[in-house]
Amino acid sequence: MATDYILFNHGVNTRDVRPQPSYADPLFELIQSHYSNPQGRTLKKIAFYWGDVNEQEEQDLLKTYQTSPIWEKLWFLQFREKQIMQFVGDGALYISRSCGAKVADALEKQAIVGLQGYDPREDRLHIVTHSMGTVILFDMLFSARWDPDSVPGHDSVAAIRSGLFGVSPDPTQGILLGSVSTMGSPIGFFSLMDVNQSMEDARDAEGNIISTHDITPRLEKLLDSLYKALGKKLPWYNFVHPGDPIAYPLEKLLPKLVDGKSQYIDIQDILTHPTSLTDFLTEPLSQTFFALLHGGEAHNSYWQSDQVAQQIARAIEKAIEPPNASDAEA
């Protein structure tokens, strides 16, 4: 029986339990309630978890801060020690070689377990990422900074890439990607590192890759491989809560980065509905600092959103539909 694997990757400031993290459970259950099991296909959840990988480094940094004679005099102390430390710390530590490699090692082990026994002919992988989780996953799949054999995390990243069709080192092997859903994502800022769209892995006179963090050339190759294999565009939903300060639109930006003609992806920005009393702010109040203070609530709202779940279920079902006329024309 064919399986649709849903791979979830959380963002920063997420603390859960191993070996079975539960952060994705509410959304997965909602997706199941909307999924019609076309052709008898089943759903399987793969919930990546890396939230505790860099916890010791963050705690060491906090202890150093707390030794400062001015620390107790700072405002918002509890906010600094919890939300800010975990939110900024997770992102900053991932950029480092050693801590980023720890994340790669953890995700590689989870990917092997989650995709064990998949059928490359029938099964599909559907990526659902939140916040910094989008940046992390796309960085591992497409960034050149992991390429040198000598860098920490190289082997783990290579193993993750080998499991996805259309990604080097062997783009003809691996599971086919069926859809992408991004929630509260800042992935559009990768456009600021898109230094050369005309050449993959453009190099300087010494042979070094010009932009090791530029994901767009390899992302375009993945999308091109998928389009040739399936004959249709990849469904991509980008969910944006109006009160989420981390979320940015992608519908107009991403096609410009990867092909310029919207040939490979059927991407839509979807504005999610308010889910709580604080979201029903009047228009003038919604532009104030008070509304920004509640941005964290908006930023995490996607995990409990029936609207998001319904759209993701539709994207999964759409992935197995035959190409339509518009795809053929593209």
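The values are calculated or read from the model by the stated rules, or taken from the named source; none is laboratory data. Note that this is a predicted model, so its numbers are computed, not measured. Positions of Cβ are backbone-derived with ideal geometry, glycine not excepted, and every protein chain shown enters the neighbour counts. Accessible surface is based on the protein model in full, side chains and every heavy atom, while ligands, DNA and RNA are left aside. Shrake-Rupley method; radii C 1.70, N 1.55, O 1.52, S 1.80 Å.
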TODO: Considering only segment 139-165, state which residues are under 16 Å from residue 111 (Cβ atoms) and either open to solvent by 20 Å² or more (accessible area, probe 1.4 Å) or in contact with a strand residue (DSSP E or B) (Cβ under 8 Å, 6 or more places away or on another chain) (or both).
DONE: 141, 154, 155, 158, 159, 160, 162, 163, 164, 165
Open item on the list: If I filter segment 53-67 for residues that are out of contact with any Pro (no Cβ under 8 Å at 6 or more places or on another chain) and under 30 Å from residue 315 (Cβ atoms), do I get at least one hit?
Closed with: yes
Open item on the list: So for segment 226-245 (the condition being in contact with a strand residue (DSSP E or B) (Cβ under 7 Å, 6 or more places away or on another chain) and modelled with pLDDT under 90), does at least one residue qualify?
Closed with: yes
- [ ] Kindly indicate whether residue 143 is out of contact with any helix residue (DSSP H, G or I) (no Cβ under 7 Å at 6 or more places or on another chain) and either among the polar types (S, T, N, Q) or without any contact (Cβ under 8 Å) to a residue 12 or more places away in the chain (or both).
- [x] yes
TODO: Filter segment 24-46 for residues that are surrounded by fewer than 21 Cβ atoms within 10 Å (Cβ to Cβ) and either in a strand (DSSP E or B) or touching a Phe, Trp or Tyr at 6+ places or on another chain (Cβ under 7 Å) (or both) and give the result.
DONE: 26, 42, 43, 44, 45, 46
Open item on the list: Within segment 97-195, considering only helices (runs of 4 or more DSSP H) that don't extend past its boundaries, which have at least 3 residues that are at pLDDT below 95 and under 13 Å from the mean Cα position of the chain (by Cα)?
Closed with: 132-142
